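One structure is given here, and the rest of the page talks about it.
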Amino acid sequence: MQKTELIKCDKVCFSYSQGTPIIKDLDLIINEGESVGLVGESGCGKSTLAAILLNLLKPTSGSISVNNVDLSTLKGKRKKEFYKEVQIVFQDPSSSLDSLMTVGQLIKEPLVIHKIGDKEFRRKKALEMMKIVGLSSAYIDSYPGELSGGLKQRLSIAIALVLDPKVLILDECVSALDVSIQAQILNLLMNLQKNLNLTYLFITHDLNVVSYIADTIAVMENGVIVEKNQTEELFNNPQHPYTKKLLSASIS
């Protein structure tokens, strides 16, 4: 069956104010329902690419399309609709969650912003999202500071899912968690992808983590994707010296 391209980056470059390019001639295709791991050391441009895909930064050159829509053409109502289709889960939920809002308020906030449903609908939707991510309904009036790290990340995922997006960008979303909690969140993400037909861009520096969730891995070095292959093939037969270096470091 032919795969449907959901995200397409074509010769994307990015730099700040004529400075050293952070991303250089980047080509990347992510198909619908696929989980792509983007791996590289800190500072290689991974999170910058995430910001570009979220339309928060504009590429210096090249083009990006999501669901066949060129991001450079987004404006007005279509731009608002875009933010319902693409969501992000950050590394540290403690810093990305408003500590003065309750769990229920945080999950409902995107619905309020997009003027979706009335108060009763939003509360039911919040409870539905909590159930989906394995967060007890007893926490609906709790504050983020009352939750453990793993529960905070489940809350972050619930917030990202409440608008029924097509794409989740997962930016180091388990790196701040204990190993046992990492496994729980990764299993949750895999189940969500299967049940909700989500497409993932999983950004990480940890090859051991990404091997668990990604169908395909793209390796980034200094703003360039130096190798991309199916996960098993990349681990068994790495081609680029930088990929070999990362694999060696993950084993040692």
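The values are calculated or read from the model by the stated rules, or taken from the named source; none is laboratory data. Predicted model only: the values in this text are computed from it and were never measured. Here Cβ is always computed from backbone atoms with ideal geometry, including for glycine, and neighbour counts include all displayed protein chains. When the accessible area is computed, the model is the full protein with side chains, heavy atoms only, and any ligands, DNA or RNA have been set aside. Shrake-Rupley method; radii C 1.70, N 1.55, O 1.52, S 1.80 Å.
The simple spin-label model puts a point 7 Å past each Cα toward its Cβ; for Asp98 and Ser72 those points are separated by 3.5 nm. With everything on Cα atoms, drop me the angle between helix 119-132 and the longest principal axis of the chain, reported from 0 to 90° to the nearest 10. Tilt of helix 119-132: around 50 degrees.
The calculated P(r) of the chain, using every Cα pair and 10 Å bins from 0, goes 7, 30, 35, 22, 6, 0 in percent. Among residues other than Val103 with Cβ under 15 Å from its Cβ, the summed charge is +3 (Lys and Arg +1, Asp and Glu -1).
Its Cα gyration tensor gives region 42-105 an equivalent ellipsoid; the semi-axes, largest first and in whole Å, are 25, 18, 8.
Judged by the mean number of other Cβ atoms found within 10 Å, the most tightly packed of the peptides 51-59, 221-229, 148-156 leads the ranking 148-156, 221-229, 51-59. 222 nm [θ] for the chain, helices only, -39500 (n - 2.57) per DSSP H run of 4+, per residue, to 500? Rounded to the nearest 500, it is -12000 deg cm²/dmol. For a paramagnetic label modelled on Met190 (point 7 Å from Cα along Cα→Cβ), amide N atoms under 18 Å away belong, within region 2-41, to 33-38. Three principal axis extents of region 202-252 based on alpha-carbon atoms, in descending order, are 24, 23, 19 Å. When the inverse distances between all different Cα atoms of region 1-80 are averaged and flipped, the Kirkwood radius reads 13.5 angstrom. Working from Cα positions, state the angle (0 to 90°, nearest 10) between the long axis of helix 241-251 and the longest principal axis of the chain. Taking the Cα atoms of the chain, the angle to 241-251 is about 50 degrees. Of the peptides 16-27, 107-118, the ranking by mean beta-carbon count within 10 Å, highest at the top, reads 107-118, 16-27.
Averaged over residues, the count of other Cβ atoms within 10 Å places the peptides 234-245, 37-48 in the sequence 37-48, 234-245, highest first. Can you spot the lysines whose alpha carbon is less than 23 Å from Lys8's alpha carbon? Ignore those fewer than 8 places along the same chain. Cα-Cα hits under 23 Å: Lys24, Lys46, Lys58, Lys75, Lys77, Lys79, Lys80, Lys84, Lys166, Lys194, Lys228. Length gained on full extension, Glu41 to Asn222, computed as 0.36 nm times the residue gap minus the Cα-Cα distance: 64.3 nm. Calculate how steeply helix 149-161 sits against the longest principal axis of the alpha-carbon atoms of the chain, using the helix alpha-carbon long axis, and give the answer as 0 to 90 degrees to the nearest 10. For helix 149-161, the angle is close to 90 degrees. Across q = 0.10, 0.15, 0.16 Å⁻¹, region 98-182 modelled as identical point scatterers on its alpha-carbon atoms has Debye log10 I(q)/I(0) values of -0.23, -0.53, -0.60, in the order of the q list. The apolar share of the surface of the chain, taken as the fraction of accessible area on carbon and sulfur atoms (1.4 Å probe, ligands and nucleic acids excluded), comes to 49 percent. Partners of Lys11 within straight-line reach, counting aspartates and glutamates whose Cα lies under 14 Å from its Cα and excluding those fewer than 8 residues away in the same chain: Asp25, Asp27, Asp70. With coordinates expressed along the principal axes, the C-alpha atoms belonging to region 28-166 extend over 48, 36, 28 Å, beginning with the largest. Spatially, region 25-68 and region 143-220 are offset by 17 Å when compared through their Cα centroids. Rounded to the nearest Hz, the phi-derived 3J(HN,Hα) couplings of region 177-189 under the Karplus curve 6.51 cos²θ - 1.76 cosθ + 1.60 (θ = phi - 60°) are 9, 4, 4, 5, 6, 3, 4, 5, 5, 5, 5, 4, 4, where x marks glycine and proline. Close amide H partners of Leu57, meaning residues 5 or more places away or on another chain with modelled amide H under 5 Å apart, are Ile52. FRET efficiency for the pair Asp141 and Asp206, taken as 1/(1 + (r/R0)^6) with r the Cβ-Cβ distance and R0 = 35 Å, rounds to 0.50.
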